[in-house]
Amino acid sequence: TFCSYISINNSSNFEVREVIIKAEIQTERQRILLLDTSKSPVESIRAGGRYDFIVEHDVKELGPHTLVCTALYNDGDGERKYLPQFFKFIVANPLSVRTKVRVIKETTFLEACIENHTKSNLFMDQVDFEPAQHYSATILKGDGHHSKKDSPTRETFKPPILIRSGGGIYNYLYQLTSPSDGLAQTKVEGSNVLGKLQITWRTNLGEPGRLQTQQILGTPPTKKEIELQVVEVPSIINLQKPFRIKLNLTNQTDKELGPFEVSLSQNGSYGERVVMINGLQSMVLSQVQALGSTDFHLNLIATKPGIQRISGITVFDTREMKSYEPLPDLEIFVDVD
């Protein structure tokens with residue numbers, strides 16, 4: 001909040017009358033009227049006298065501002081006089097908010113780092129994340145102060161968080177989850193708006209401040225054309241003996257896809273192949289209808305005992321001549337029969 005104490009001084013040796021006073025803030029984009037006594041002018045200000053007032057303005061723009069004060073009055077001879085005064089000042093951000101977004105599986109984590117740029121300590125009364133309609137948010141805190149965690153007194157009186165002057169910082173972490181039902185997911189598809197932060201604070205002297213951030217954006221959701229999932233793995237896998245895993249291929253588009261070839265990638269980064277396809281090195285799947293899925297089995301054989309990885313199961317669309325991202329590595333335990 002911009003607050004200014006303004007004093008109109010009559011430095012002449014005669015009384016001035018019918019004084020109309022105006023005060024306004026001018027920015028690069030707008031003019032905001034703070035005071036206008038046109039409808040009820042100050043009747044008179046005696047010689048050596050003064051008229052004082054206070055103006056306030058809730059600042060919402062950054063950059064250069066000008067406080068313009070004007071007085072229109074009758075002098076000792078009854079002549080109408082005009083006096084303008086200009087006071088320039090710069091509005092800077094009292095604090096900066098930096099955000100980082102990380103997505104882990106179905107959960108989005110938002111970190112907000114708040115830095116104090118003022119010369120005063122700031123006491124944060126409220127730092128709330130208002131999620132977009134399709135998200136719910138939970139603030140994550142450290143595990144300290146377990147004894148006070150469930151105290152009713154602690155809930156009633158929430159002590160403010162201190163961010164020290166001249167570059168002090170404080171980090172907040174929020175966990176965002178979205179509805180799991182398909183209808184909600186479809187409805188918000190393509191939207192990457194996470195929400196916005198509402199921040200309120202007070203200075204050492206109790207002066208309030210508040211800031212609402214712009215909408216915070218996450219990573220634009222990318223919808224996979226196909227999804228390959230492991231449905232079933234045998235509970236016992238024996239060395240050098242064939243076994244089958246059950247997989248599911250889902251077409252997540254609104255058009256028919258396929259036919260497909262399923263194979264183990266020959267990429268050298270997988271090193272020595274411990275689990276291999278038993279038989280033909282690729283199997284063919286027929287076309288999968290739009291939004292449809294199909295189950296199939298892959299015949300494999302393990303050549304080493306212990307904990308091993310099935311790596312590089314890849315799907316290739318033979319019509320589009322396109323390979324999809326390999327299935328994540330799958331750990332199995334190979335027993336010696």
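Checking Gly279 against (1) open to solvent by 70 Å² or more (accessible area, probe 1.4 Å); (2) within 17 Å of Arg244 (Cα to Cα): exactly one of these is not met. Which one? Looking at each condition in turn, Gly279 falls short on (1).
Comparison of Glu106, Glu24 shows that the only residue that is surrounded by 16 or more Cβ atoms within 10 Å (Cβ to Cβ) and either of a type in the set (Asp, Glu) or at positive phi (or both) is Glu24. Leu300 falls short of the stated requirement of being free of Cβ contacts under 8 Å to residues at least 24 places away in the same chain, of a type in the set (A, V, I, L, M) and either surrounded by 13 or more Cβ atoms within 10 Å (Cβ to Cβ) or in the same structural domain as Leu239 (by the TED database) (or both). Restricting attention to region 48-70, the residues that are farther than 13 Å from Phe86 by Cα, surrounded by 12 or more Cβ atoms within 10 Å (Cβ to Cβ) and of a type in the set (A, V, I, L, M) add up to 3. Only one residue in Asp337, Asp317, Asp295, Asp329 is at pLDDT below 85 and either acidic (Asp, Glu) or open to solvent by less than 20 Å² (accessible area, probe 1.4 Å) (or both). Which one? Answer to the selection: Asp337.
Looking only at residues in region 216-234 that are modelled with pLDDT of 90 or more and in a loop (DSSP other than H, G, I, E, B), the one that is farthest from Pro326 (Cα to Cα) is Pro234. Within region 111-124, the set of residues being farther than 15 Å from Pro94 by Cα and crowded, with 16+ Cβ neighbours inside 10 Å comprises just one member, Ala112. Residue pairs, Cβ under 8 Å, 6 or more apart or interchain, first in region 229-246 and outside the structural domain of Leu330 (by the TED database) and without any contact (Cβ under 8 Å) to a residue 12 or more places away in the chain, second surrounded by fewer than 14 Cβ atoms within 10 Å (Cβ to Cβ) and of a type in the set (Val, Ile, Thr). List them. Nothing qualifies. Considering only residues in region 302-337 that are assigned to a strand (DSSP E or B) and basic (Lys, Arg), the one that is farthest from Gly279 (Cα to Cα) turns out to be Lys322.
Which is over 30 Å from Gly168 (Cα atoms) and either in the same structural domain as Trp201 (by the TED database) or among the hydrophobic types (A, V, I, L, M, F, W, C) (or both), of Leu62, Leu95, Leu35? Being over 30 Å from Gly168 (Cα atoms) and either in the same structural domain as Trp201 (by the TED database) or among the hydrophobic types (A, V, I, L, M, F, W, C) (or both) holds for just one of Leu62, Leu95, Leu35, which is Leu35.
The values are calculated or read from the model by the stated rules, or taken from the named source; none is laboratory data. On a predicted model such as this, the values are computed, not experimentally measured, just so you know. Counting neighbours? That spans all protein chains shown, and the Cβs are built from the backbone with ideal geometry, glycine included. Heads up: the accessible areas ignore ligands, DNA and RNA and are worked out on the full protein's heavy atoms, side chains in. Shrake-Rupley method; radii C 1.70, N 1.55, O 1.52, S 1.80 Å.
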